[in-house]
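The values are calculated or read from the model by the stated rules, or taken from the named source; none is laboratory data. Because the structure is a prediction, the values reported are computed rather than measured. Note that we place each Cβ from the backbone using ideal geometry, even for glycine, and neighbour counts take in every protein chain shown. Surface areas here come from the heavy atoms of the whole protein model, side chains and all, with no ligands, DNA or RNA. Shrake-Rupley method; radii C 1.70, N 1.55, O 1.52, S 1.80 Å.
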Amino acid sequence: MKIEICNNNSPLIGISIASFNRKERLKECLYAIYESSYKNVFISVVDDGSTDGTWEMLQAEFPSVKAIRGDGNLWWCEATNKAVSACLDSGCDYVILLNDDCLIKKDTLAKFIKRAEEYPGAVIAPVTLDINNPDQVWWAGSSWGPVKYMPFIWL
């Protein structure tokens with residue numbers, strides 16, 4: 001399966017995914033991206049030394065994904081940094097950090113673009129739903145600002 005990069009003026013969305021030994025979850029995540037209604041997408045996956053066949057699955061089933069292999073010492077943060085760097089090096093207009101156990105809906109990427117254009121410079125985060133109970137919000141973002149009486153600490 002391959003994502004086709006559009007040749008129109010739509011922004012290029014980079015999707016950064018760090019993964020370790022979650023081949024089946026990653027496969028579900030990637031298929032959800034491929035089902036998206038928004039097609040101008042660059043996907044970068046860092047497989048940090050998986051032993052469950054993740055690397056082989058990426059090579060065989062997802063050749064259009066920029067796959068980067070780690071040695072098991074990157075952990076989530078450095079693996080994510082490498083995936084984000086690959087997105088930026090590829091000229092992506094926006095970058096999404098996506099965990100390999102998350103599934104996006106068909107219209108999620110289009111909604112991201114709409115919000116990003118409405119709020120330039122903002123960090124956009126989706127509402128996260130429980131896959132087994134999609135009417136229940138699991139996470140809806142964070143509020144950032146100074147802690148009362150401690151103006152140098154922000155939450």
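Taking the Cα centre of segment 1-89 as reference, the dipole from Cβ charges on Lys and Arg (+1) and Asp and Glu (-1) amounts to some 180 debye. With the whole protein complex present, TYR31 retains an accessible surface near 80 Å², based on a 1.4 Å probe. Among PHE62, PHE20, the order of accessible area from largest down is PHE20, PHE62, computed with a 1.4 Å probe on protein heavy atoms. About the centre of its Cα atoms, segment 39-115 shows a dipole size close to 620 debye [charges on the beta carbon of Lys, Arg (+1) and Asp, Glu (-1) only; nearest 20 debye].
Note on exposure: CYS102, CYS87, CYS77 ranked by accessible area (1.4 Å probe, complete protein assembly) read CYS77, CYS102, CYS87, with the most exposed listed first.
When the charge dipole of segment 1-126 is built from unit charges on Cβ atoms (+1 for Lys and Arg, -1 for Asp and Glu) and taken about the Cα centre, the candidate among CYS87, SER44, ALA125 whose Cα reaches farthest toward its positive end is ALA125.
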